[in-house]
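I have placed the structure first, in the form of structure tokens, so that the comments after it can refer back to it.
The values are calculated or read from the model by the stated rules, or taken from the named source; none is laboratory data. If you're wondering where the values come from, they're calculated on a predicted model, not measured in any experiment. Here the Cβ positions follow ideal geometry from the backbone for every residue, glycine too, while neighbour counts run over all protein chains shown. Heads up: the accessible areas ignore ligands, DNA and RNA and are worked out on the full protein's heavy atoms, side chains in. Shrake-Rupley method; radii C 1.70, N 1.55, O 1.52, S 1.80 Å.
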Amino acid sequence: MDSFEFNKIAGATLGTCLFVMALGVFSDAIFARPHGGKAGYDLPGASDHGAAGGAAAAATAEPLPVLLAAADAKRGEGLVKPCAACHAFEKGGAAKVGPPLYGVVGHKVAGQTFAYSDALKGKGGEWTFDQLNAFITAPQTFAKGTKMAFGGEKDAKKRADILAYLRSLADTPAPLPAP
Ligand code: HEC
């Protein structure tokens, strides 16, 4: 190959390289996204649903004192219909399938005149909001072998309303835990 032919090949190669580079610069200019934004592309709908979804997730993760501060005893009264099949709520109420629940907040666990299961009797302590919350979430998880045949209320907000209602069933309602 003579030097003229070599120059032609080298020139063509160089030209191609320059062309590809220029193409890169141009396409960068055309498809560049503004800097400073967050990484990744916005998927359709992600921004408008993201906030609400996040809030809902945060709500379930909210600590009990915060939920209790926003809870409503009146709503809770409507939510204890399934409990009322087994429990009396009025003052001086008699035992039904389960023990009466007036004044249960702050009361000794399994502390009334009632044929409790060994599971609940073995628990000890008092019915704090936390304990009640755990029991109502999943009775069998809280006290394996409990006689309370209730599947559990899985909605944290509804539980808080139920607890607010149970709290109201007292001559002097127990103080709410500080959020
Ligand atoms: C199918 C009947 C039934 C249903 C429904 C039921 N319970 Fe009970 N509950 C019981 C029984 C029985 C016990 C005693 C459990 C034991 O001895 O293990 C009990 C115990 C309790 C206790 C402990 C009382 C104490 O004196 O220590 C609380 C608090 C309670 N239930 C709240 C509720 C709430 C709130 C609901 C509704 C969300 C509910 N229960 C639904 C039958 C029921």
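Computed values, structure above
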{"quantity": "Restricting the range 70-81 to residues that are within 11 Å of the ligand (Cβ to nearest atom) and of a type outside the set (Gly, Ala, Ser), the residue that is surrounded by the fewest Cβ atoms within 10 Å (Cβ to Cβ)", "calculated": "LYS81"}
{"quantity": "Of all residues making up the range 85-110, the number that are open to solvent by 50 Å² or more (accessible area, probe 1.4 Å) and not β-branched (Val, Ile, Thr)", "calculated": "10"}
{"quantity": "Enumerated helices (runs of 4 or more DSSP H) restricted to the range 82-179, each holding at least 1 residues that are closer than 15 Å to LEU64 by Cα and more than 8 Å from the ligand (Cβ to nearest atom)", "calculated": "129-137, 156-168"}
{"quantity": "Yes/no for GLY145 being in contact (Cβ under 8 Å) with a residue 24 or more places away in the chain, touching a strand residue (DSSP E or B) at 6+ places or on another chain (Cβ under 8 Å) and open to solvent by 30 Å² or more (accessible area, probe 1.4 Å)", "calculated": "no"}
{"quantity": "Near pairs, Cβ below 7 angstrom, 6+ apart or cross-chain, from the range 119-141 (open to solvent by 30 Å² or more (accessible area, probe 1.4 Å)) to any residue that is in a helix (DSSP H, G or I) and near the ligand (Cβ under 7 Å from one of its atoms)", "calculated": "none"}
{"quantity": "Given (1) more than 30 Å from ALA61 (Cβ to Cβ); (2) open to solvent by 60 Å² or more (accessible area, probe 1.4 Å); (3) touching a residue at least 60 places away in the same chain (Cβ under 8 Å), number of the condition PRO179 does not satisfy", "calculated": "(1)"}
